[in-house]
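These notes concern the structure reproduced below.
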Amino acid sequence: MKKKNNGTSLKIIPLGGLEQIGLNMTAFEYEDSIVVVDCGLSFPEDDMLGIDLVIPDVTYLKDNIQKVKGFVITHGHEDHIGALPYILKEINVPIYATKLTIGLIDNKLKEHNLLKTTKRKVIKHGQSINLGAFRIEFIKTNHSIQDASALAIYSPAGIVVHTGDFKVDYTPVFGDAIDLQRFAEIGKKGVLALMCDSTNAERPGFTMSERTVGRTFDNIFSEHKNTRIIIATFASNVDRVQQIINSAYKFGRKVAVEGRSMVNVITTASELGYLKIPDKTLVEIDQIKNYPDEQMTLITTGSQGESMAALSRMAASIHKKVSIKPGDTIIFSSNPIPGNEKAVSKVINELGMKGADVIFQDAHVSGHACQEEIKLIYSLVKPKYAIPAHGEYRHLKAQAKVVEQLGIDKDNIFILSSGDVLEVSDDKAEVTGKVHTGSILVDGLGVGDVGNIVLRDRQHLAEDGIIIVVLTLERRSNQLLAGPDIVSRGFVYVRESEDLMGEARVVVEDALDVCLDKRISDWGRIKGVIKDSLGEFVWKRTKRRPMILPIIMEA
């Protein structure tokens, strides 16, 4: 330990990632040192119209920038690294992660021209780094992406173990199994708190090994020797891609890759040696027409039914290079993320209508620990306090239940919300306050310039449409010179509602007369009166509340 504890407690502050999947980010603070674990984004909810992605609000880190020593990243998934390019522009501190994770982060930094200005350090499993009052050790774990790590965070107040996203896979496709021995050794030293992945905490039993999917692929390939095989999976699941390539090679097929994120990850992973592709197996997407169907396998993005992803475009017949034809075999090698079921089901239906054979059973295993693995980690680490992490409230609650069965005192289990400040020391742990957290919306190149008010307006326009009232007044006398003209979009079909529009025009004229009679010359007030009276009329007649935008021009 760098210095003895002088009675200061360690603060654990989740800035995102609790109550939702995504936005993972936790600050660990001891006196004048802050270390930030992960920096993830999340994808927009259905009601966030036009928003591309959501990143965590890091006001707290900006306010304490002199204390922030660095970002420590557990693995290379979007919900753990996706916000880095946006947040580094405000909090430029070094990034520490394993080789593949840094490779994937570098891709992002390159896109945002941040490579030169960002310090990055590759850490091996088993290595430690000193950051301020902290020492952080990277521990090997398994997940649905290579090079995932758990972190042992040593502080003068005690050790916190953060599992990152993990599962226990004794027979991983690439590399070694999770380093359970190290978890046990750290457990022997005495662990203050364990923050454990809760994504699958509702599921009993163990998560199957990633290898079982490889056997499923072999069976599917041998049963469909005469058709083209198209497999949709997560771009970041490098081991899954490896197994698809292995099966394709075994059955004498070529492999083409489609989808920008898929191409990026595969390129990075094979350059860094995490993906072994036999010679002459990969072909460009433009070349697929040169091979007969029975020799072709296509790996694509879009397993979640995203409207712009490659598979969805194929299903909707708007993909430039691949068209689905009767007899194609299409495999969904993923489970729908909660909330995406409808979109996935739509794509499956569209593919079925084109005559394709769609397989979505048994071609996927999760990358997260089920209850037995969670129990295993707790039993090895033996923490004093349990802080379920990574998941919606119900997942955190499910993990708390599992932990209680292991005999950890109910008062020592903390289900936190983003922004809670949990102070932990050997004597006690309690939530002592709250810091500002939230979601920042990214729309195109704008970060944070679309807020709740803009979203509310978009919602309003989407649900009820808009009516624009244009009129021209004379500058001094406020006499009506032209108009009022009424234009509407997304409200009613004008050609069939001429009476309604005619009456609306009369309502606006009457409102205007009232203003002029009262000698109201302030245009803001005139607009207000027009808005109110037209709004009331439209509501009475149609029970709708379109946005009303009066425009007054002067002559």
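The values are calculated or read from the model by the stated rules, or taken from the named source; none is laboratory data. On a predicted model such as this, the values are computed, not experimentally measured, just so you know. Cβ placement follows ideal geometry from the backbone for every residue including glycine, while neighbour counts extend to all protein chains displayed.
Of the residues making up the range 107-139, those that are surrounded by fewer than 17 Cβ atoms within 10 Å (Cβ to Cβ), more than 28 Å from Ile178 (Cβ to Cβ) and not charged (D, E, K, R) number 4. Put simply, of Val508, Val487 the only residue that is touching a residue at least 12 places away in the same chain (Cβ under 8 Å) and within 44 Å of the chain's Cα centre (by Cα) is Val487.
Within the range 444-461, not a single residue is assigned to a helix (DSSP H, G or I), of a type outside the set (D, E, K, R) and modelled with pLDDT of 95 or more.
For the range 514-525, the tally of residues that are part of a helix (DSSP H, G or I) and closer than 19 Å to Met553 by Cβ stands at 5. Restricting attention to the range 347-364, the residues that are within 18 Å of Gly259 (Cβ to Cβ) and out of contact with any strand residue (DSSP E or B) (no Cβ under 7 Å at 6 or more places or on another chain) total 3.
Within the range 254-283, residues that are more than 13 Å from Ile299 (Cβ to Cβ) and touching a residue at least 12 places away in the same chain (Cβ under 8 Å) have Cβ atoms under 6 Å from residues that are outside any helix (DSSP H, G or I) and of a type outside the set (D, E, K, R) in these pairs: Tyr274/Gln146, counting only partners at least 6 apart in sequence or on another chain. Just so you know, in the range 471-488 the residues that are at pLDDT 85 or above and within 13 Å of Ile526 (Cβ to Cβ) include one that is surrounded by the most Cβ atoms within 10 Å (Cβ to Cβ), and it is Pro484.
Would you mind finding the one in Val358, Val347 that is farther than 30 Å from Ile408 by Cα, assigned to a strand (DSSP E or B) and β-branched (Val, Ile, Thr)? The match here is Val358.
When Ile178, Ile220, Ile186 are checked against the criterion of being modelled with pLDDT of 95 or more, over 30 Å from Asp427 (Cα atoms) and over 30 Å from the mean Cα position of the chain (by Cα), a single residue qualifies: Ile220.
Working carefully through the options Val347, Val322, find the one that is within 30 Å of His75 (Cβ to Cβ) and out of contact with any Phe, Trp or Tyr (no Cβ under 6 Å at 6 or more places or on another chain).
On the way: Val322 fails: within 30 Å of His75 (Cβ to Cβ).
Of the residues listed, the single one that is within 30 Å of His75 (Cβ to Cβ) and out of contact with any Phe, Trp or Tyr (no Cβ under 6 Å at 6 or more places or on another chain) is Val347.
The residues on offer are Gly407, Gly444, Gly433, and the sole one that is closer than 28 Å to Ser488 by Cβ and surrounded by fewer than 13 Cβ atoms within 10 Å (Cβ to Cβ) is Gly444. Ala511 - would you say it is assigned to a helix (DSSP H, G or I), of a type in the set (Gly, Ala, Ser) and touching a strand residue (DSSP E or B) at 6+ places or on another chain (Cβ under 6 Å)? No, not satisfied.
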